[in-house]
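Take a look at the structure below.
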Amino acid sequence: MSYSIECVLECSNHLGESPIWDVEEGRLYWVDGTGRRVGKPAIWRYDPRSGKVQNWELNRDVGAMVLGQDGRAVLALDDGFYFFDFESGQIEPIGLVDEDQPRTRLNDGKCDRQGRFFAGGMDDKEELKICGLWRLDADLSITKVDGGIICSNGPCWSPDDKTFYFADTFQEEIWAYDYDIATGLPSGRRLFASTRDDLGVADGSTVDAEGYLWNAQLISGDLVRYAPDGSVERRISMPVKNITSVNFGGPNLDEIYVTSMARVKHPAVHDLFAVEAKPQFGAGNLFRIKGLGIRGLPEPRFAL
């Protein structure tokens, strides 16, 4: 089947991440995780019907965001969870995590279908297994549900809510867990897929209506579709190498939005990233794929 890839927005995000299509508004939200380090806005919103783009600045790194049922956003910032008010631009603390680990920060996150917000940490040097995976519940309690993580990415769930998927980018693995939707507890962690033989490493993910997992591979620029058994069903080469995350959108949830990264300086101790003096042409922009004939699933809002 033929498909097209287009650049939707030349936004040059330092670290585009966490795209969320809100089915209620018909708009795409995402973050520039480290944009504030280079004077760029942190939160972005795009309306494809009007072409209108809005953004908001923060003086903090942001790993992920979800929308709340009350219209505010919930952010995973460097040190914990916060509310964000779009009208005032103000943040309000909910709770902190990993207070004894100054070199960690929260990274990728997403809500399950009961409206719980899961977000995991990353070691800023991408070296040590010192980070946790955290769950924020509707009563604003915070629970650690896993640990031993270097860099959290790609939390998402199977259509039947029985499997939770999660990637540790620099352990070069995507894991599957048994998931109890009633309690919000993942268990039985096991290897779903490895990227050790790939050119890229696993970044953000989503699951489509057929139960296949889509992962954006950082470094290689491959968008990979995995079957439920972990085998690779297809690869789509994107126009830029450092793609970061993926989400379905559009009125019929049959379009795929892909974020990317313009950042070229990395504090990592490993040498996986190519040494670049300037970003690749188009790096950091927002892309959209049409014509695949595959639909996604609605992203839940945080339950307050």
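Where a number appears in this text, it was derived from the coordinates with a stated rule and is not lab data. No experiment lies behind these values; they were computed from the predicted model shown. Positions of Cβ are backbone-derived with ideal geometry, glycine not excepted, and every protein chain shown enters the neighbour counts.
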Worksheet item: Say a site is exposed when it is one of the chymotrypsin sites (Phe, Trp or Tyr not before Pro), sits in a DSSP loop, and has at most 12 other Cβ atoms within 10 Å; what is then the longest site-free stretch of the chain?
Response: 4-280
Discussion item. Test of understanding: in a Gaussian network model of the chain with alpha carbons linked when under 10 Å, which of R190, R105, R225 would top the mean-square fluctuation ranking?
Written reply: R190
Worksheet, complete the sentence: The convex hull of the Cα atoms of region 4-290, divided by residue count, gives a volume in Å³ per residue of 122
Fill in: Candidates T104, T183, T206: whichever shows maximal mean-square fluctuation once the chain is modelled as a Gaussian network with Cα springs under 10 Å
T183
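For every other residue with a beta carbon closer than 10 angstrom to the beta carbon of D124, add +1 if it is Lys or Arg and -1 if Asp or Glu, then tell me the sum. Display every interim value, and only then the final one.
Numbers: positive: R103, R105, K125; negative: D61, D78, D123, E126, E127.
The answer is -2.
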Worksheet entry | Dipole magnitude of region 4-290 about its Cα centre (Cβ charges: Lys, Arg +1; Asp, Glu -1), debye to nearest 20 | 660
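Counting other Cβ atoms within 10 Å of each Cβ, which GluC sites (Glu not before Pro) in region 1-86 have at most 11 and sit in a DSSP loop?
Passing both the DSSP loop test and the Cβ count: E10, E24.
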Discussion item. Projecting each Cα onto the charge dipole of region 131-235 (Lys/Arg +1, Asp/Glu -1 at the beta carbon, about the Cα centre), which of T163, S205, I181 comes out farthest on the positive side?
Written reply: S205
